[in-house]
Amino acid sequence: MGLPPDLPPDLKAGLVRLAHGVSRKAIAERAATQSRCYRAGCGSHGIATADDVLAYAFARLPATYAAAVAVFSAMRETLPAFQPRGMLDVGAGPGTAAFAAVQVFGTLDNIRLIDANAELRKLALTLMAEADSETLRQAADARSYQLGNALTLLSETKPADLVVASYTAGEFAESELARFTHMLWAATAGALVIIEPGTPAGYGRILRMRSELIAAGAHVAAPCPHERECPLHPPDWCHFAQRLPRSRDHLHIKGAEVPFEDEKFSYVVLSRGKPQSIDARVLAPPKIVKSAITAKLCTDGGVVTDIAARRDPDAYRRRKSWRWGDSVSR
């Protein structure tokens, strides 16, 4: 069972303190501008001021946190003995993945972070300094959180048990992606987690990085139940969704009325050691009708359509609990 996707209390409280006395309307306007920039593919380069950072924190941080928690929970299923002591967060932004990692991996006692955005780094240092986790508080200094180009800093860093690149690969030019991928792997002592937006473009980057590292000897721990080429073909693509609750501020700043949102993401977890195998991964929300449950599964033999008729009560009951993204046994 994975952890809940909503922000932990200390992170929620830190964001509320930062926004005290700030117009929610002004934050919402900034967030709308960033959303347009995000869809246009400009990444974190459009986050240049303290106001920009605050807008990002309210509009995007909850969703990226939820995605990270979902991925970390998935990797624990196939790497149950993985107990990382050290973490390297590349493209760390406001420290979102680090906050998620300490919730999932209680063994972490050292976190290092890298990002080129000075304003996002300032936010991370503030939030981590006020965190409940001693490991996060210890990381809230200039030595632990390095400011600069990831390609330069990765060439100088020592390996970590857990390396994370969350919503980061899209910041690099196509010509730099393979180099970035191999530098991430060189810094990985145990497992590498790569998360990207759940779009065809994000999935495409995941595929290229996955292929590079399988060729370099990495094992695929999640989400795939195999290490062959992805069996999906355009216009289909592999992505998942994590539903998360929206706070009152989140609703106002996003101009939303629905009290939740679904963050769509693509990911891959690669490990040095061989992971436990899984039978199948659910690739889409199962379709439940009165007579049967139909699920789209990725298996060792490719993509299959699994159908459980209601007249087979055991199979029907098992499948009724399946959710998009679950690892399952047929």
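Yes or no: D161 acidic (D, E), more than 25 Å from A222 (Cα to Cα), at pLDDT 95 or above and not in a helix (DSSP H, G or I)?
Here the answer is no, as D161 does not meet what is asked.
Which condition number in (1) open to solvent by 60 Å² or more (accessible area, probe 1.4 Å); (2) touching a Pro at 6+ places or on another chain (Cβ under 7 Å) is the one that E229 fails?
In the conditions (1) open to solvent by 60 Å² or more (accessible area, probe 1.4 Å); (2) touching a Pro at 6+ places or on another chain (Cβ under 7 Å), E229 misses (2) alone.
Just one of S277, S291, S271 is open to solvent by less than 60 Å² (accessible area, probe 1.4 Å) and either polar (S, T, N, Q) or under 18 Å from T181 (Cα atoms) (or both); which is it?
S271
State which residue is nearest to Y167 (Cα to Cα) when the search covers only the range 206-217 and only residues that are in contact (Cβ under 8 Å) with a residue 24 or more places away in the chain and touching a Cys at 6+ places or on another chain (Cβ under 9 Å).
It comes out as I206.
Output the residue which, of all residues in the range 170-201 that are of a type in the set (V, I, T) and open to solvent by less than 10 Å² (accessible area, probe 1.4 Å), is farthest from K158 (Cα to Cα).
I195
Could you grab me the full set of residues in the range 155-168 that are over 19 Å from P275 (Cα atoms), surrounded by fewer than 23 Cβ atoms within 10 Å (Cβ to Cβ) and within 21 Å of the chain's Cα centre (by Cα)?
Within the range 155-168, P159 is the sole residue that qualifies.
Scan D306, D279 and give me the residue that is modelled with pLDDT of 95 or more, among the acidic types (D, E) and under 24 Å from the mean Cα position of the chain (by Cα).
Among D306, D279, only D279 is modelled with pLDDT of 95 or more, among the acidic types (D, E) and under 24 Å from the mean Cα position of the chain (by Cα).
Report every pair of residues separated by at least 6 positions or lying on different chains whose Cβ atoms are under 9 Å apart, first residue within the range 140-158 and touching a residue at least 24 places away in the same chain (Cβ under 8 Å), second of a type in the set (F, W, Y) and in a helix (DSSP H, G or I).
Matching pairs, first to second residue: A150/F180; L151/F180; L154/F180.
Of the residues in the range 134-145, how many are more than 15 Å from A92 (Cβ to Cβ) and open to solvent by less than 40 Å² (accessible area, probe 1.4 Å)?
0
Scanning for something farther than 19 Å from R323 by Cα, in a strand (DSSP E or B) and in contact with an Asp or Glu (Cβ under 6 Å, 6 or more places away or on another chain), does the range 277-299 turn up at least one residue?
no
Filter the range 233-254 for residues that are open to solvent by less than 70 Å² (accessible area, probe 1.4 Å) and over 22 Å from Y167 (Cα atoms); which is modelled with the lowest pLDDT?
That would be L251.
Quick one: would you say S321 is among the hydroxyl-bearing types (S, T, Y) and either open to solvent by 80 Å² or more (accessible area, probe 1.4 Å) or within 23 Å of the chain's Cα centre (by Cα) (or both)?
no
So, in the range 93-132, of the ones that are among the acidic types (D, E) and more than 19 Å from E196 (Cβ to Cβ), which residue ends up most open to solvent (accessible area, probe 1.4 Å)?
If we take residues in the range 93-132 being among the acidic types (D, E) and more than 19 Å from E196 (Cβ to Cβ), then D132 is most open to solvent (accessible area, probe 1.4 Å).
Within the range 261-279, take every residue that is in contact with a Ser or Thr (Cβ under 9 Å, 6 or more places away or on another chain) and among the β-branched types (V, I, T) and give me the one that is nearest to G198 (Cα to Cα).
V269
Go through the range 75-87 and give me each residue that's aliphatic (A, V, I, L, M), farther than 24 Å from I114 by Cα and touching a residue at least 40 places away in the same chain (Cβ under 8 Å).
Listed by number, the list holds a single entry, L79.
Suppose we keep only residues that are open to solvent by 10 Å² or more (accessible area, probe 1.4 Å) and modelled with pLDDT under 95 within the range 60-74. Which one would you say is nearest to N117 (Cα to Cα)?
R60
When the residues of the range 202-217 are narrowed to those that are small (G, A, S) and either in a helix (DSSP H, G or I) or closer than 17 Å to I278 by Cα (or both), which ends up least open to solvent (accessible area, probe 1.4 Å)?
G202
Could you give every pair whose Cβ atoms fall below 7 Å, whose first residue belongs to the range 23-52 and is closer than 23 Å to A169 by Cα and surrounded by 16 or more Cβ atoms within 10 Å (Cβ to Cβ), and whose second residue is among the hydroxyl-bearing types (S, T, Y) and at pLDDT 75 or above, counting only separations of at least 6 or pairs across chains?
Once the first residue is closer than 23 Å to A169 by Cα and surrounded by 16 or more Cβ atoms within 10 Å (Cβ to Cβ) and sits in the range 23-52, its partners that are among the hydroxyl-bearing types (S, T, Y) and at pLDDT 75 or above give Q34/Y56; I47/Y56.
The values are calculated or read from the model by the stated rules, or taken from the named source; none is laboratory data. Quantities reported herein were computed from a predicted structural model and do not represent experimental measurements. All Cβ positions, glycine included, derive from the backbone under ideal geometry; neighbour counts span all protein chains shown. Protein only, heavy atoms only, side chains kept; ligands, DNA and RNA dropped before computing areas. Shrake-Rupley method; radii C 1.70, N 1.55, O 1.52, S 1.80 Å.
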